[in-house]
Structures are given as C-alpha cells and as structure tokens.
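*Asks:* Sharing a structure, written as structure tokens. Questions coming.
The values are calculated or read from the model by the stated rules, or taken from the named source; none is laboratory data. Model, not experiment: these values are computed from the prediction. All Cβ positions, glycine included, derive from the backbone under ideal geometry; neighbour counts span all protein chains shown. With ligands, DNA and RNA removed, areas are computed over all heavy atoms of the protein, side chains included. Shrake-Rupley method; radii C 1.70, N 1.55, O 1.52, S 1.80 Å.
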Amino acid sequence: MPQSLLKLEEPFRLDSILEPAPPGTFTTLTKIVGTLGPNSRSVEILEKLLKAGMSVARFDFTWGDDAYHQETLDNLKTAVKNTRRLCAVMLDSIGPELKIVNASDKPIELKEGNMVTLTPDKSKAASPEFLPINYPDLSYHVKPGDEIFVGQYLYTGSETTSVWLAVVDTNGPAVNCLIKNTATLTGALLTAVAAGVRIGLPTLTDVDKQAIQTWGVRNQIDFVSLSYTRHANDVRLTRGFLSKLGDLKQTHVYAKIENREGLEHFDEILKEADGIILSRGNLGIDIPAERVFVFQKAAIKKCNYAGKPVVITRVVDSMVDSPRPTRAEATDVANMVLDGADCIMFGAETYRGNYPVETITTVRLICGEAEKVFNQSLYFRNTCKFVGEPMEYSETIASSAVKAAIKVKASVIVVFTSSGKAARLVSKYRPVMPVLVVVIPRLTTDKMRWTFTGAAQARQCLITRGLFPMLADPRHPADTSANTTNESILKIALEHGKAAGIIAKKDRVVVCQKIGESSMVKIHELNE
C-alpha cells in the first residue's frame, strides 16, 4: 500500500491523475456507514455493500419497527458470515424530532402564497389547511418570521417534496404559517424542523429508550447515534442509561450535531462523546447554509486533535436517483478526506436510493484518490504542535509508531490493544498505511457474572480512519511479559495481513505493543 505520495501544495504532474488506484482490499482508509432500508436489506445486496466498503450499518428508528430492523440485521449477519467481513451496528435515535402524522396517507398539495396551520389537535386530518404536529408547545417557542421546514425526506433538499413555511402568528397552540414554495407532501409520517427554535423535548426520548433496551440489548449494538445532541449532559445521561443495560455499557455514544444549540456547546460535547457526527442537512436549516462549511472544517480539526472519530453526512444526495454523483459532490467528498474526516455516512442514498452499491463504490474510490494526495507530514507536524511537549506517554508511543512507519516505508502498522484506545491514538496521527488492530479480549466481572470483552471493541474500530481490526485468541493476554506469546500472536496477525493483501514479502512492519509495564515500538522486516 505505501506509495509515493503527491502533496497538494507541491507542483505535480497532471498525467498522475490518470494513474490507476493501487489494487487490494484496503485501497481506502476512510470508513463508510450505510443506512439500511427498503433498497439495502436483502442478503444479496448486503453482501455487495460489505464488499464495496461498508464497515458500519446504521439502523434509523425514525422509520420501521423492531421486527423490520431485526429482519434486516439478521440478513446482515448472514452477509457478514458469507463475506467474512466485519461490520459494526449503529442505532440512530429519533430524538426531539417534530412529527406530522398524515393518517389518510394521501398526498397533500400545498400552494405558494397560501396559509397552513400547524396544530396539536389530533382530530384535525392532515390537509392543505392543517398539519397536525406532535409538539403542543410549539406556538410558545416560535415568533413571526421564524422558518419551519416540512417533508417526508426533508433532508434531500428537494423543493417539490418538502415545504418551506414562515410563521405569521400564533393562536393559542396553533401556529399559522405562510407557504413559501409549492410542494406535494407524501407519506404517512412527515418530519418538521423549526430553524433556530429550541424544542423542549428530551434528547433521548422514551421511544428511544424502549428501542435501545429491547432491540439494542438483544443485538449488542456497538454505537448509539444520539440525534439532536445539544449539551454534554445529553451524552452523560445516555451513557448512564446504557451502563444499566448489561453489556451495553461498552456501547459508544456518538453525538450527532444538527442544530445551533449543539454547535454552541460543541467543545463540551466533544469532551464527553466517543465520537461526533456532523449532520449537515439539519445544520443547513438551523444555521445559514453558507456558514456550514466553516463549522465543518473547524469541527473536523477539533475532533482530529482530540483523537475522536468524526463522521460526515449528506454527501451524494444526487445518487438517490443517479448512478453517478455530481462533480460538486465528488469534490466535496474529497475535501472532507483532505480536512481529516474519519468516516462518510450515507442516509437516503443507501436507505431508499436506487444505487446503494454504486454509491458506496464511487465514494470509496473518491476517498482513495484524496488519500493519495493527503499531506500527512503537514498534518503530523500540526498535530504534534497542538499536543505540545512534554507529550503524555501514550501520545509519545502513538506518534513514534507513525513516524517510524513513514520513515521506513512500512506497509502496515500493527497495534495490540484491549480497548481500542491505543489504535485510535495511532490513527490520530493519520498514518498513510493501514493499521492492523489486534484486539485481545479480557475476562471481566461485575461480581455477578464473568464476561469476555473484545468483540465490541474490535467492531468499534471500524468507524475510525485507517483501522482494520481482528480479534485475537482470548487465551493470550494483552499485557504480558512472555515474548513468545506476543510473537505467536504477531505471526497470526501478519498472516492475516498477507491474506488481506496489505503485506507482502520483504515488507517492513511497525509493531506497537505493551509488554509488562512498558510500551514499545519495533520494526519487523519480513524475510519470507
């Protein structure tokens, strides 16, 4: 995988653009999350998505019930077994989302210039005059001139399937709005977003808790995507809830930033969360669209320096109905990678899009091309400068491993870990080669029962840039003074790398591991 990298600020040959991408399984370090739904839930399609590069499957509980998502996940497990490719599971919470129920399921024709009333009165049928909403206090939080957006697939940005409303006045609990564009609303359930308005609903709702403690516990989910995270305490409360659900105390909480309030408290949220998801569609409603890119770049950098994964959404909306992205979308994806994003998340593109496999394949190739010109040396220097000196012991080991791997042109870095933390620290310095993460299970107890940890920690590496996990034999401890034991595990890891096509004869490999109370970085040169 190591190659002569082309830095963007250097003069470069235009004909290099025509050079083919390197062969092999791991041509892309950037990870991909796919939302599973009607067009991406059969075993056949799921196998193709895994082979195309999906490493995390997202289950959006805004749509579909427990049985529907369980069938999809069961199909995913079959696909994982058939393809022998790991895939993590993410449960996406609904959060404090405004809903409009269209009980008749008939299309609602809204005309520009007309008036429509949002009302909590459930006796009112959805029509061009009334839209029944699930939040009775909305009228007390909005004022004339506020903007409200409504649609079934609101975040695709279509001006014919979503409507833009301007608040004119309120009458008790009713909100009277002027229709700003002609649109046809279809579907039984519509989503509404009031730009810049704080909704007084809990971030983790009762519906979310029910889904987590039933479907989530049953399936030992790896991630919770906490929708509409507004404060660090939202993350703390969610983590506290998970800690009471047995093995879900291992589940990582990713804060989904999608409104002004989450943006304002971003720094404190970042400290508390395991990772960040930037929901650009919602952010583009709650803050001026022309400012979203500024927050995106700043948030990515903050996440990079904190060593926490950052996931970006809303990347190739056009591929819902087209097998190719627009040129602007392709450039947008590449810039995310160059800025330091760990992962790309697909929503409608894979959930209901007509080209889910093509979407993942195309974006993976774009990411791979961006990685070829990623200026790792500049990134490395800036990260070290931010961390400062003296470095913490763990930061020193991680940065040294990456620096050594670059200097000797290693084909891969092998990291031994139990929690995944050491591997994520290595990824923080953005090595240009894959990081093979050997997760060694631990036997733990809560005084009620014994549990092996390791499987979840391995899958949780699948969302971080450059990390490719494998689970070691649980009989081998992670922290050992028995060098022969470590060598045997390393041999297995290297064989795994050879089988995956990322290690070849005569390659150099950098190994980062802990032996006893000491951590070490060593270089292996493969003779065979």
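*Asks:* Does region 170-179 hold any residues that are of a type outside the set (Ser, Thr, Tyr) and open to solvent by less than 70 Å² (accessible area, probe 1.4 Å), and which are they? Write out each step before concluding.
*Replies:* Residues of region 170-179 of a type outside the set (Ser, Thr, Tyr): 171-179.
Answer for region 170-179, where residues must be of a type outside the set (Ser, Thr, Tyr) and open to solvent by less than 70 Å² (accessible area, probe 1.4 Å): 172, 173, 174, 175, 176, 177, 178, 179.
*Asks:* OK, next. Within region 199-210, is even one residue of a type in the set (Gly, Ala, Ser) and either within 20 Å of residue 419 (Cβ to Cβ) or crowded, with 16+ Cβ neighbours inside 10 Å (or both)?
*Replies:* Step one: of region 199-210, the residues of a type in the set (Gly, Ala, Ser) are 200.
Now drop any that are not either within 20 Å of residue 419 (Cβ to Cβ) or crowded, with 16+ Cβ neighbours inside 10 Å (or both), which leaves none.
No; the residues of region 199-210 include none that is of a type in the set (Gly, Ala, Ser) and either within 20 Å of residue 419 (Cβ to Cβ) or crowded, with 16+ Cβ neighbours inside 10 Å (or both).
*Asks:* Name the single residue that is most open to solvent (accessible area, probe 1.4 Å) among those in region 302-332 being assigned to a helix (DSSP H, G or I) and within 24 Å of residue 425 (Cα to Cα).
*Replies:* First pass over region 302-332, keeping only residues assigned to a helix (DSSP H, G or I): 302-306, 317-320, 327-332.
Remaining after also requiring within 24 Å of residue 425 (Cα to Cα): 302-306.
Details: 302: 85, 303: 0, 304: 8, 305: 43, 306: 49 Å².
Checked region 302-332; the qualifying residue most open to solvent (accessible area, probe 1.4 Å) is 302.
*Asks:* A further question on this structure: In region 408-427, is there at least one residue being outside any helix (DSSP H, G or I), under 20 Å from the mean Cα position of the chain (by Cα) and under 21 Å from residue 254 (Cα atoms)? Write out each step before concluding.
*Replies:* Initial filter on region 408-427 (outside any helix (DSSP H, G or I)): 408-420.
Checking which are under 20 Å from the mean Cα position of the chain (by Cα) leaves us with 419-420.
Subsequent filtering for residues that are under 21 Å from residue 254 (Cα atoms) retains 419-420.
So far as region 408-427 goes, yes, one or more of its residues are outside any helix (DSSP H, G or I), under 20 Å from the mean Cα position of the chain (by Cα) and under 21 Å from residue 254 (Cα atoms).
*Asks:* Could you grab me the full set of residues in region 117-130 that are open to solvent by 60 Å² or more (accessible area, probe 1.4 Å) and in contact with a strand residue (DSSP E or B) (Cβ under 7 Å, 6 or more places away or on another chain)? Even if it seems obvious, please write down each step before you answer.
*Replies:* Restricting attention to region 117-130, the residues satisfying the condition of being open to solvent by 60 Å² or more (accessible area, probe 1.4 Å) are 121-125, 129-130.
Once the filter is applied, which keeps residues that are open to solvent by 60 Å² or more (accessible area, probe 1.4 Å) and in contact with a strand residue (DSSP E or B) (Cβ under 7 Å, 6 or more places away or on another chain), region 117-130 yields 121, 122, 124, 129, 130.
*Asks:* Cβ contacts < 6 Å: first residue closer than 27 Å to residue 394 by Cα, restricted to region 292-307; second residue of a type in the set (Asp, Glu) and at pLDDT 95 or above, any location; separation 6+ or different chain. Result?
*Replies:* So the pair list comes out as 297/339; 300/339.
*Asks:* Mind counting the residues in region 180-198 that are open to solvent by 20 Å² or more (accessible area, probe 1.4 Å) and at pLDDT 90 or above?
*Replies:* Matching residues across region 180-198 total 4.
*Asks:* Out of region 306-330, which residues are aliphatic (A, V, I, L, M) and under 18 Å from the mean Cα position of the chain (by Cα)?
*Replies:* As a first pass, look at region 306-330 and keep what is aliphatic (A, V, I, L, M): 306, 310-312, 315-316, 319-320, 328, 330.
Listed by number, the residues that qualify are 306, 310, 311, 312, 315, 316.
*Asks:* If we keep just the residues of region 250-291 that are in a helix (DSSP H, G or I) and open to solvent by less than 20 Å² (accessible area, probe 1.4 Å), which is nearest to residue 461 (Cα to Cα)? Spell out the reasoning first.
*Replies:* In the first step, residues of region 250-291 are kept if they are in a helix (DSSP H, G or I); the result is 250, 260-264, 266-272, 280-286, 289-291.
In the following step, the residues that additionally are open to solvent by less than 20 Å² (accessible area, probe 1.4 Å) were identified as 262, 266, 269-270, 281-283, 286.
Working: 262: 25, 266: 23, 269: 21, 270: 18, 281: 26, 282: 27, 283: 27, 286: 31 Å.
Ranking the candidates gives 270 first.
*Asks:* Shifting gears a bit: Among the residues of region 350-370, what is the count of those that are open to solvent by less than 20 Å² (accessible area, probe 1.4 Å) and either closer than 27 Å to residue 72 by Cα or over 18 Å from the mean Cα position of the chain (by Cα) (or both)? Write out each step before concluding.
*Replies:* Looking only at region 350-370, we keep the residues that are open to solvent by less than 20 Å² (accessible area, probe 1.4 Å), and these are 350, 353, 356, 359-360, 363, 367-368, 370.
With either closer than 27 Å to residue 72 by Cα or over 18 Å from the mean Cα position of the chain (by Cα) (or both) added as a condition, the list becomes 350, 353, 356, 359-360, 363, 370.
Of the residues in region 350-370, 7 are open to solvent by less than 20 Å² (accessible area, probe 1.4 Å) and either closer than 27 Å to residue 72 by Cα or over 18 Å from the mean Cα position of the chain (by Cα) (or both).
*Asks:* Only one of these conditions is not met by residue 175: (1) within 20 Å of residue 126 (Cβ to Cβ); (2) assigned to a loop (DSSP other than H, G, I, E, B). Which number is it?
*Replies:* (2)
*Asks:* Would you mind stating whether residue 347 is at pLDDT below 95 and either open to solvent by less than 30 Å² (accessible area, probe 1.4 Å) or within 14 Å of the chain's Cα centre (by Cα) (or both)?
*Replies:* Details: at pLDDT below 95: yes; either open to solvent by less than 30 Å² (accessible area, probe 1.4 Å) or within 14 Å of the chain's Cα centre (by Cα) (or both): yes.
Spelling it out, residue 347 is indeed at pLDDT below 95 and either open to solvent by less than 30 Å² (accessible area, probe 1.4 Å) or within 14 Å of the chain's Cα centre (by Cα) (or both).
*Asks:* Let me ask something else. Taking residue 97 and the conditions (1) within 25 Å of residue 125 (Cβ to Cβ); (2) surrounded by 21 or more Cβ atoms within 10 Å (Cβ to Cβ), which numbered condition does it fall short on, given that it satisfies the others?
*Replies:* Only one criterion in (1) within 25 Å of residue 125 (Cβ to Cβ); (2) surrounded by 21 or more Cβ atoms within 10 Å (Cβ to Cβ) is unmet by residue 97, namely (2).
*Asks:* Considering only residues that are crowded, with 23+ Cβ neighbours inside 10 Å and either acidic (Asp, Glu) or in contact with a Phe, Trp or Tyr (Cβ under 8 Å, 6 or more places away or on another chain) (or both), look in region 224-249 and name the one that is nearest to residue 97 (Cα to Cα).
*Replies:* 226
*Asks:* Still on this structure, please answer the following. Checking residue 383 against (1) at pLDDT below 95; (2) in a helix (DSSP H, G or I); (3) closer than 16 Å to residue 340 by Cβ, which test does it fail?
*Replies:* (1)
*Asks:* Select from region 54-79 the residues that are open to solvent by 40 Å² or more (accessible area, probe 1.4 Å) and of a type in the set (Val, Ile, Thr) and list them in ascending order.
*Replies:* 78
*Asks:* Continuing with the same structure: Exactly one condition in (1) part of a helix (DSSP H, G or I); (2) on the phi > 0 side of the Ramachandran plot is not met by residue 217; state its number.
*Replies:* Residue 217 satisfies all of (1) part of a helix (DSSP H, G or I); (2) on the phi > 0 side of the Ramachandran plot except (2).
*Asks:* Among the residues of region 131-152, what is the count of those that are under 13 Å from residue 173 (Cα atoms) and either part of a loop (DSSP other than H, G, I, E, B) or open to solvent by 70 Å² or more (accessible area, probe 1.4 Å) (or both)?
*Replies:* From region 131-152, those under 13 Å from residue 173 (Cα atoms) are 131-143; that's our starting set.
Retained after the next criterion (residues that are either part of a loop (DSSP other than H, G, I, E, B) or open to solvent by 70 Å² or more (accessible area, probe 1.4 Å) (or both)): 134-137, 140-143.
Going through region 131-152 one residue at a time, the tally reaches 8.
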